[in-house]
Amino acid sequence: MKPTSSTQRSSVISLLQEGYSVRQIQSKTGLGKSIVGRIKKEVDGDKENMKGGRPAKLSPQDKRGIIHQITTGRLDNAVQGAQYINNIISHPGCCKAKTTSPSPAPQEGTS
């Protein structure tokens, strides 16, 4: 693999910044798409890797709660597990430990 010249590299970077796709840049510059992709990765490498798809229905806390229910023996079979999961999804917050704050002390002179 021969090194890419600085002029080719700068032209690829400018085309990337203008919004051209890797294949369009490949056809314009004559460089291979893997080289163009590598330059793009170097330029845009600091971008966060976004996870695609549908968001999860269960939070990590819900997953830990389900595992706890299974390992402690509170859930005996898959049917009970499915019912527990459906209860979590349909009523979020009902199966988690709730913290209660003490009620304020009544003030004198008010009724």
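The values are calculated or read from the model by the stated rules, or taken from the named source; none is laboratory data. Note that the coordinates shown come from a computational prediction; the quantities given were computed from them, not determined experimentally. Positions of Cβ are generated from backbone atoms using ideal geometry, with glycine treated the same way; all protein chains shown enter the neighbour counts.
Tabulated data for the structure shown
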quantity: Subset of region 1-41 (residues that are in contact with a helix residue (DSSP H, G or I) (Cβ under 8 Å, 6 or more places away or on another chain) and among the hydroxyl-bearing types (Ser, Thr, Tyr)); calculated: Thr4, Ser11, Tyr20, Thr29
quantity: First in region 51-75 and surrounded by 13 or more Cβ atoms within 10 Å (Cβ to Cβ), second anywhere and in a loop (DSSP other than H, G, I, E, B), Cβ under 6 Å, 6 or more apart; calculated: Gln69/Leu75
quantity: All positions within region 25-50 that are surrounded by 13 or more Cβ atoms within 10 Å (Cβ to Cβ) and modelled with pLDDT under 85; calculated: Val43
